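Below is one structure; the comments refer to it alone.
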Amino acid sequence: MTDPLPPIDVALLEALTEIVARAAAAILAVPRADLATTTKADNSPVTAADLAADTVISEGLARLLPHLPVISEERCDGTPAPSSTCALVDPLDGTKDFVAGRGEFTVNLALIRDGRPVAGIVAAPASGELFRGAEGLGAEKLQLSGSETRPGGAVPIRTRRAPSGNVIAVVSRSHLDAATIAYLQLFPVARQIAIGSSLKLCRLAEGAADLYPRLSPLSEWDLAAGHAVLAAAGGLVTAPDGRPLLYGTHTGLRIPGFLAWGDPALAKAV
């Protein structure tokens with residue numbers, strides 16, 4: 001039987017990067033006057049840009065990995081993946097920010113093998129950033145340029161060692177809840193930065209922050225790509241109780257919360 005997900009090598013990661021870069025370009029190509037924003041059944045917005053990016057990614061994955069199940073926010077009915085090996089896609093994470101004209105939105109693509117995120121790519125079209133990482137290959141930050149589908153300037157990134165004090169925490173701009181605020185009080189947080197979308201995980205991966213807790217629910221596709229990038233950069237993502245966070249195990253593909261660490265040693269200090 002054909003393995004739906006071959007080993008992750010440089011060539012496969014480059015091909016996935018190009019797919020995500022094309023999706024980022026497709027988002028920017030949609031005129032703001034033509035967003036055609038509507039509301040989905042869960043009361044979240046969807047635009048023509050979300051759908052354009054989803055089409056690019058779904059068609060690209062069908063050509064590149066034709067046997068791999070794909071679960072996308074825009075093509076999912078909430079049922080689990082038919083396999084714990086699949087692709088998880090959020091074609092436009094942060095649609096509310098996007099509609100509001102803020103630049104903190106991302107394109108997210110993760111490859112999941114046996115419930116683990118083994119590769120992930122996160123593109124931030126507005127800021128021209130692309131982050132990627134895979135098991136055994138490390139993590140990198142690249143530069144996007146408008147409609148260019150081959151990002152350049154790849155620079156290796158790593159998480160930083162947690163300081164003894166002055167911890168920098170990133171938090172959700174839209175979903176900061178009381179439980180997360182209380183959890184942050186366990187640490188000597190010198191600065192708290194509110195950021196939208198999966199960019200929070202990427203800031204940890206590049207060593208610009210130390211901690212990102214979220215103790216409220218989110219969808220698996222919101223986290224998986226950033227999780228893979230952060231892990232490849234030396235960081236750690238766990239369930240709130242410290243256990244490994246696996247994908248394809250949650251009812252309705254909803255994760256109850258998570259803890260993300262730049263330095264895994266910080267997690268042991270709790």
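General observations
- Note on region 167-268: antiparallel DSSP beta bridges, both residues inside, total approximately 60 percent of the bridges counted.
- Local electrostatic count, S84, Cβ distance below 10 Å [Lys/Arg +1, Asp/Glu -1]: +1
- Neighbour-count ranking [beta-carbon atoms within 10 angstrom, fewest first] of K40, K141, K96, K200: K40, K96, K141, K200
- Springs join every pair of Cα atoms under 10 Å in this Gaussian network model of the chain, and among C86, C76, C202 the largest mean-square fluctuation is at C76.
- The angle between the Cα long axis of helix 48-64 and the longest principal axis of the Cα atoms of the chain comes to about 80 degrees, rounded to the nearest 10.
- Here the calculated FRET efficiency for D9 and I193, from their Cβ-Cβ distance with R0 = 35 Å, stands at 0.50, rounded to the nearest 0.05.
- Charge dipole of region 10-157 (Cα centre as origin; +1 on each Lys and Arg Cβ, -1 on each Asp and Glu Cβ, all else neutral): 140 debye, rounded to the nearest 20.
- Kirkwood Rh in Å, taken over region 117-171 so that all alpha-carbon pairs contribute: 13.0
- One compactness figure for region 10-157 is 1.00, namely its Cα radius of gyration divided by 2.2 N^0.38 Å.
- Of E74, E14, E206, the sequence from fewest to most neighbouring Cβ atoms within 10 angstrom is E14, E74, E206.
- Taking every DSSP bridge with both residues inside the chain, close to 80 percent are antiparallel.
- Residue-count net charge about I157 - beta-carbon cut-off 9 Å; Lys, Arg +1, Asp, Glu -1: 0
- Between 0 and 90°, nearest 10: helix 10-28 axis offset from the chain longest Cα axis: 80
- Local electrostatic count at D42 - Lys and Arg +1, Asp and Glu -1, tallied over other residues with Cβ under 11 Å: +1
- Shown is the FRET efficiency for D177 and T38, computed with R0 = 22 Å from the Cβ-Cβ distance and rounded to the nearest 0.05: 0.20.
- With eigenvalues of the C-alpha gyration tensor scaled by 5 and rooted, region 167-268, Å: 19, 15, 13
- Sequence-separation-based contact order of region 10-157, relative, with Cα cut under 8 Å and 6+ spacing, percent: 22
- Counting only DSSP H runs of at least 4 residues, each contributing -39500 (n - 2.57), and dividing by the residue count of the chain, the helix-based mean residue ellipticity at 222 nm comes to -8000 deg cm²/dmol.
- About the Cα centre, charge dipole magnitude for the chain (Lys/Arg +1, Asp/Glu -1 at Cβ), debye: 700
- Relative contact order for the chain: 18 percent, from Cα pairs under 8 Å spaced at least 6 residues apart, divided by residue count.
- Distant-in-sequence amide H partners of V171 (H built 1.01 Å from N, under 5 Å): I193, A194, I195
Here, each number is a calculation from the coordinates, and none is a lab measurement. Just so it is clear, the structure is predicted and the values come from calculations on it, not from any experiment. Note that we place each Cβ from the backbone using ideal geometry, even for glycine, and neighbour counts take in every protein chain shown.
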